[in-house]
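Following: one structure in structure tokens, then a few remarks.
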Amino acid sequence: MKIGVLGLQGDVHEHLERLRDVGVDPVIVKKPQDLAELRGLILPGGESTTIGKLMRKYELLEPIRAMGQNGIPLYGTCAGMILLAREIEGGEEPHLALMNIRVARNSFGRQKDSFETDLSIEGIAGPPFRAVFIRAPHVTSVGDDVEVMAAFNGRVVAVRQGTLLATSFHPELTEDPRVHEYFVEMCRKAGLPVGGTDSRL
Ligand code: GLN
């Protein structure tokens with residue numbers, strides 16, 4: 001199963017490592033041809049304005065939006081969450097505008113630019129997940145079709161809308177593979193014919 005990591009800027013290699021840890025041979029996406037046959041794509045953390053500009057420059061914005069609209073799972077971490085959002089607080093132009101969420105950037109204050117906390121996440125079994133936040137966004141409002149998976153101090157930090165997943169934090173920066181496993185499972189299920197099994201898996 002081919003799963004990609006958008007490789008324009010940000011913590012690309014950490015995501016590649018975590019995908020390898022869960023048995024996936026990942027693909028780095030830098031140009032539209034790299035999207036061929038992908039069963040899922042991760043949008044890493046970094047700087048969303050920069051990644052958004054590069055996605056436009058390398059003609060990746062429209063094809064990735066089409067993938068998302070066609071039900072191929074996408075997972076955005078931190079800046080990736082901002083790329084997926086339909087609205088960005090402050091009126092900044094959205095990027096992929098696929099998820100029915102509004103996000104605020106850099107929303108955890110200066111002293112807390114970077115911090116870690118234990119989070120319980122809906123759908124992730126076992127002990128709380130060690131979540132690393134780095135100049136992280138949070139979700140300020142969600143549409144009816146969006147499931148809130150985790151909140152920290154009353155702020156929504158993990159959401160799912162069908163085949164789209166977004167977290168404010170960076171699971172790729174810890175050794176805990178559970179969120180990547182969860183996403184890989186989303187990709188497996190999205191690739192299955194309804195009610196059937198796929199022998200290629
Ligand atoms: N602050 C960054 C932004 O607004 C996101 C930070 C991150 O991805 N670690 O794009």
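Tabulated values for the structure
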| read-out | value |
| --- | --- |
| Meets criteria (within 16 Å of the ligand (Cβ to nearest atom), within 19 Å of L165 (Cα to Cα) and modelled with pLDDT of 95 or more) for G68 | no |
| Failed item, numbered, when G76 is tested on (1) open to solvent by 10 Å² or more (accessible area, probe 1.4 Å); (2) under 29 Å from D176 (Cβ atoms) | (1) |
| Some residue of the range 19-26 being within 24 Å of F133 (Cα to Cα), exposed (fewer than 15 other Cβ atoms within 10 Å of the Cβ) and in contact (Cβ under 8 Å) with a residue 40 or more places away in the chain | yes |
| Selection from the range 108-153 of residues that are open to solvent by 70 Å² or more (accessible area, probe 1.4 Å), under 19 Å from I88 (Cα atoms) and away from the ligand (no atom under 16 Å from the Cβ) | D144, D145, E147 |
| Any hit, the range 43-56, residues being part of a strand (DSSP E or B), within 13 Å of the ligand (Cβ to nearest atom) and either surrounded by 18 or more Cβ atoms within 10 Å (Cβ to Cβ) or small (G, A, S) (or both) | yes |
| Residue selected from the range 18-63 under the condition out of contact with any strand residue (DSSP E or B) (no Cβ under 8 Å at 6 or more places or on another chain) and hydrophobic (A, V, I, L, M, F, W, C), by the criterion nearest to D176 (Cα to Cα) | V22 |
| Conditions (1) more than 21 Å from E175 (Cβ to Cβ); (2) free of Cβ contacts under 8 Å to residues at least 60 places away in the same chain; number of the one not met by V12 | (1) |
| Selection within the range 91-104 - within 11 Å of the ligand (Cβ to nearest atom) and farther than 14 Å from A166 by Cα | E92, H95 |
| Residue that is nearest to the chain's Cα centre (by Cα) [pool: residues in the range 76-90 that are under 21 Å from D144 (Cα atoms), part of a strand (DSSP E or B) and within 13 Å of the ligand (Cβ to nearest atom)] | G76 |
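The values are calculated or read from the model by the stated rules, or taken from the named source; none is laboratory data. Since the structure is predicted, the reported quantities are computational estimates derived from the model, not experimental observations. For neighbour counting, all protein chains shown are included, and Cβ atoms are generated from backbone atoms with ideal geometry for every residue, glycine included. We work out accessible area using only protein heavy atoms, side chains counted, and drop any ligands, DNA or RNA first. Shrake-Rupley method; radii C 1.70, N 1.55, O 1.52, S 1.80 Å.
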